[in-house]
Amino acid sequence: MARFRLQDIRSVERTPTAPGTLRAKLGELLFSSVSCTARVDALNPETGEYRIVLQGTLDREDSKFDEP
């Protein structure tokens, strides 16, 4: 799996995003994190709309080798 870097964070906000593409980006983000939590911020049972907040810390151990 590709290493997710701080410079990649804004890429998860690009829209429109296909669910598969977003799943891959979030998977890379979570896999590259040393800690993470998720919180359901909102859920509407009538419409199925939801909002989830992710919070974490990226592993920066090899950051000196990352390209800018």
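Laid out as a table, the results:
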item: Within segment 6-65: Cβ-based charge dipole about Cα centre, in debye rounded to nearest 20 (Lys, Arg +1; Asp, Glu -1); result: 100
item: Rounded D (µm²/s) - segment 6-65, Kirkwood Rh over Cα pairs, Stokes-Einstein at 4 °C, 1.567 mPa s; result: 98
item: For segment 6-65, with +1 on Lys and Arg beta carbons and -1 on Asp and Glu, the positive-most of Val34, Ile52, Val12 along the dipole; result: Val12
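Rule-based calculations on the coordinates, nothing more; no lab input. None of these values were measured; they are calculated from a predicted model. Cβ atoms come from the backbone with ideal geometry, glycine included; neighbour counts cover every protein chain shown.
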